[in-house]
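What follows is a short report on a single structure.
The values are calculated or read from the model by the stated rules, or taken from the named source; none is laboratory data. Just so you know, these numbers come straight off a predicted model, no measurement behind them. Because the Cβ atoms are built from the backbone with ideal geometry, glycine has one as well, and the counts that use them run over all protein chains shown. These area figures cover heavy atoms from the full protein model, side chains too; ligands, DNA and RNA do not enter into them. Shrake-Rupley method; radii C 1.70, N 1.55, O 1.52, S 1.80 Å.
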Amino acid sequence: MTLCSTQLVRAAAIVAAVALTPAPLFAQDITIAVAEQPDALDSTHAYQASHSTILRNIYEALTARDPVTSELVPSLATDWKQIDDTTWHFTIREGVKFHDGSDLTAEVAAFGLDWTWNAERKGSISIRGFMGPTMEFEAIGDYLLEIRLSDPDPLLPTRLYASTIPSMQQVQNDPEGWLTSPVGTGPYKFVEWERGSHVDVERYDGWWGLTADDAQGNSAFERARFLVRTENAARIAALRAGEVLMAERLSPDVCLTELGDDCVNAPASSNVFIKMDNNHPVLGDARVRMAISHAIDREGIGEAIMGGASPISQLVAPSVLGHDPDLPPHQYNPERARELIAEAVSDGVPVNEMPLRLIARQDSFPGNDQVLEAILEMMSQVGLTNVSASILEPSSFNPIWLTNYSEIEEDRGVMALHRQPNEWFDLAPVASIYYVCWGQGASYCSEPATETFALGSAASGAEREAHLKALSKIIYEDNPYIMIVDQPLYHGVDKGLLSWTPRVDMSILLKDMAPAN
Amino acid sequence: MTWYLLSRAQQSVLVILAAFVLVFVIGSVIGDPVDLMLPPEASDAVRDQLRRSLGFDQPLHIQFLNFIIRVANGFGESIWQSTPALPLVLSRLPATLYLAGCALLIAVPASLALGGWAALRPSSMADRVINIFSLGGVSIVDFWLGLMLVLIFSVQLGWLPTGGYGGGSVAYIILPAVTMAYRSIGRLAQFTRSALLDEYAKPYVMTLRAKGMSERRIFLHTIKNAAIPIVTLSGDEMASLINGAIVVESVFSWPGIGSLLLQAIGQRDLFLIEAAVFVMTVIIILVNLLIDITYAYLDPKVRL
């Protein structure tokens with residue numbers, strides 16, 4: 001029998017396909033395409049969005065979050081209470097073992113926290129943004145941890161959510177290994193890290209959560225591989241080719257068009273807003289600021305540029321403590337905007353006489369250049385014409401962004417488009433930057449806002465919530481910054497093979513995943 | 001010959017030194033490196049602390065001395081990867097050289113075949129098709145080509161993986177190597193064609209033809225003479241392939257220097273960027289030196 005050339009080509013193609021296609025992992029295994037290459041795998045990085053998808057499966061913190069409400073719930077601590085203004089007690093969960101076989105005790109937790117927050121230690125620089133007052137950690141019983149603070153800090157349990165606990169045995173005996181071979185208490189233990197390629201983990205049979213009823217989730221997959229695919233298109237291709245069951249953090253437009261139903265919309269990661277120089281003769285006028293707010297078609301920007309982003313009225317998401325659900329986003333109303341500008345002009349506000357600058361930082365969020373152009377055009381349509389727009393390098397943008405109100409020159413006239421991440425689930429840390437007169441990035445100063453912040457940030461519980469909501473209302477009414485849209489987070493999920501529901505806290509955890517059916 | 005090689009080597013050393021100074025100037029003198037390294041949200045205190053700890057608050061000449069010491073110690077520690085920068089870059093070097101080498105192995109024979117074929121029958125249908133094909137090579141953006149190849153061969157047909165290194169196995173290198181090779185094929189094939197046509201127009205070919213020599217043997221004669229510029233351009237292509245690796249490696253998640261450099265830029269990791277740029281510069285200079293040496297062997301006039 002002789003084969004014709006077409007048959008030969010087909011046969012060769014089949015042989016090539018069989019020989020070259022990478023062998024899948026076991027059926028009960030999962031591969032996830034992650035967007036960033038981890039730099040180190042130590043416990044201080046577990047709070048970062050870029051690392052948490054990998055590290056939060058290996059490491060755990062004293063507190064965790066409810067996947068639906070984002071409330072703090074027990075994890076390695078079963079209970080905590082504030083003894084006085086500056087002293088807290090945390091009850092450490094008994095029977096928890098690290099992946100290296102060592103036990104979790106109050107002493108180990110104290111050591112791990114001290115190790116993480118120690119400002120002198122190399123590598124802790126990334127977590128310092130989360131630092132509050134100076135903390136001292138001491139085990140006052142086998143399973144009772146005392147934390148003493150230099151100043152009152154109602155956010156302590158939230159801060160501790162960011163801080164995962166490493167194995168004391170590993171840190172003391174093998175500090176280099178702590179950077180590259182993580183040992184935690186989580187449902188999955190570390191297997192292998194090939195830099196630039198992947199991180200492998202496997203189910204930890206000694207996980208405390210397998211026998212506890214408050215562990216929230218189960219380790220359904222035997223092994224997991226986190227495949228580094230830094231290009232958006234590469235993550236989508238890997239999902240479509242069936243190489244991965246999940247691809248995290250995809251750009252909205254491509255995700256929706258290429259993946260359809262398999263493109264999952266997760267709660268917003270951050271909010272986009274414009275910070276205005278409130279001491280400027282034009283931008284300092286409340287009518288002009290309101291006119292700018294009415295000039296912006298938030299729904300149009302959200303739909304056309306940001307892939308389904310929703311209009312916002314506040315700097316933080318609804319899941320954040322201090323968000324007031326009764327404050328609706330400002331309406332798109334160019335007519336009203338023109339009226340307000342006309343009123344301001346007739347009262348002598350030098351609209352269009354002094355130049356304004358609309359700026360954004362390069363790559364601050366996908367599509368920021370288009371949003372900038374759209375806003376420029378919308379402002380021009382309501383009569384604000386003396387505005388120039390530019391995208392700046394970080395080295396030019398950052399000093400402008402971080403100048404405090406008292407240091408801003410009156411004629412600067414900057415409107416800076418940027419985003420604010422929802423990492424804290426509490427308004428106070430965000431407000432301390434933008435809402436108070438002394439805030440590092442505040443271009444607005446109001447005594448009522450600063451005083452309300454002081455009351456709210458020192459309080460806890462319902463009182464804290466009430467003060468922070470009041471602060472949100474003051475800001476909403478003063479309108480010093482123009483809120484635009486949230487920034488939705490999209491993931492690709494092969495729904496035929498994987499069952500997973502996004503969490504409000506934005507984490508992607510293996511314990512929330514199971515094979516479909 | 002020895003004198004020629006020595007003078008070329010000396011020039012290369014000078015270029016490496018110039019690149020070394022340039023890396024310092026770009027990294028430390030233009031703009032504030034601390035602004036590049038830290039996110040905008042970082043406080044002034046953190047900025048000052050980092051500036052002091054890295055010595056960026058010192059006068060420029062002290063900074064340059066520190067830079068030399070840092071380079072001697074492996075370009076310092078990558079802030080992003082918490083590991084010495086130079087060994088990290090060098091650990092990625094084999095993957096980049098493997099990819100660029102495979103791309104060149106595809107590009108050179110393919111270009112010689114296509115260019116030679118087109119030159120044998122100028123203005124024929126084959127010549128036109130090859131011309132269009134090679135124009136595509138120089139015109140198509142490799143980022144787009146890579147994604148299209150992934151879409152066809154990985155997503156639709158499922159024959160090849162979408163990316164990754166896979167321990168260097170054949171399946172993983174085919175798509176990135178072909179993507180990189182296509183641009184080189186475009187340039188080299190066109191160049192080979194015109195170099196051969198130039199040779200065919202020379203009187204000695206007419207003499208050979210008049211004597212009745214077969215076209216195959218004439219080709220073997222002409223290709224030797226056309227080889228000198230083709231070798232020069234091939235070496236140049238090797239340098240372009242190493243540069244082009246930045247895009248292709250990122251598309252295919254290939255763990256080479258290119259993707260590392262791109263991520264280092266994204267992470268504002270100055271020391272790693274310096275190390276990667278420096279290593280790439282040295283490779284390109286060495287490739288050029290190699291071309292000069294090959295050139296001397298091929299063309300006796302150079303040795304004079």
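Checked against the criterion of being outside any loop (DSSP other than H, G, I, E, B), basic (Lys, Arg) and under 22 Å from the mean Cα position of the chain (by Cα), the stretch A:261-281 has at least one qualifying residue.
So, residue A:244, is that one out of contact with any Leu (no Cβ under 9 Å at 6 or more places or on another chain) and among the aliphatic types (A, V, I, L, M) or not? So residue A:244 fails the test. Of B:234, B:214, all but one fail to be of a type in the set (S, T, N, Q) and surrounded by 18 or more Cβ atoms within 10 Å (Cβ to Cβ); the exception is B:234. No other residue among A:85, A:153 is over 21 Å from residue A:58 (Cβ atoms), more than 14 Å from every other protein chain (Cβ to nearest Cβ), loosely packed, with under 15 Cβ neighbours inside 10 Å and modelled with pLDDT under 90 apart from A:85.
Restricting the stretch B:173-198 to residues that are open to solvent by 50 Å² or more (accessible area, probe 1.4 Å) and within 20 Å of the chain's Cα centre (by Cα) leaves a set whose member that is nearest to the other protein chains (Cβ to nearest Cβ) is B:174. Restricting A:426, A:411 to residues that are away from every other protein chain (no Cβ under 14 Å), of a type in the set (D, E, K, R) and open to solvent by less than 30 Å² (accessible area, probe 1.4 Å) narrows the list to A:426. Total residues in the stretch B:158-172 satisfying the condition of being buried (at least 19 other Cβ atoms within 10 Å of the Cβ) and not in a loop (DSSP other than H, G, I, E, B): the figure is 1. Among the residues making up the stretch B:127-157, those that are surrounded by 14 or more Cβ atoms within 10 Å (Cβ to Cβ) and either among the charged types (D, E, K, R) or more than 14 Å from chain A (Cβ to nearest Cβ) (or both) are B:127, B:130, B:131, B:133, B:134, B:136, B:137, B:138, B:140, B:142. In summary, residue A:58 fulfils each of the numbered conditions (1) open to solvent by 10 Å² or more (accessible area, probe 1.4 Å); (2) out of contact with any helix residue (DSSP H, G or I) (no Cβ under 7 Å at 6 or more places or on another chain); (3) more than 18 Å from residue A:135 (Cβ to Cβ) with the single exception of condition (1). Could you grab me the full set of residues in the stretch B:59-87 that are within 13 Å of chain A (Cβ to nearest Cβ) and open to solvent by less than 10 Å² (accessible area, probe 1.4 Å)? If the condition is that a residue be within 13 Å of chain A (Cβ to nearest Cβ) and open to solvent by less than 10 Å² (accessible area, probe 1.4 Å), then B:78, B:81, B:85 are the ones that fit.
Restricting attention to the stretch A:351-382, the residues being buried (at least 18 other Cβ atoms within 10 Å of the Cβ) and either assigned to a loop (DSSP other than H, G, I, E, B) or modelled with pLDDT under 90 (or both) number 6. Consider the stretch A:495-506 and keep the residues that are within 17 Å of residue A:28 (Cβ to Cβ) and surrounded by 18 or more Cβ atoms within 10 Å (Cβ to Cβ). The one that is farthest from the chain's Cα centre (by Cα) is A:498.
Just one of the listed residues (A:229, A:249, A:225) is within 14 Å of chain B (Cβ to nearest Cβ), in contact with a Gly (Cβ under 9 Å, 6 or more places away or on another chain), within 17 Å of residue A:508 (Cβ to Cβ) and of a type in the set (Lys, Arg), namely A:229. In the stretch A:186-222, the qualifying residues are those that are touching a residue at least 40 places away in the same chain (Cβ under 8 Å) and closer than 30 Å to residue B:89 by Cα, and the one that is nearest to the other protein chains (Cβ to nearest Cβ) is A:196.
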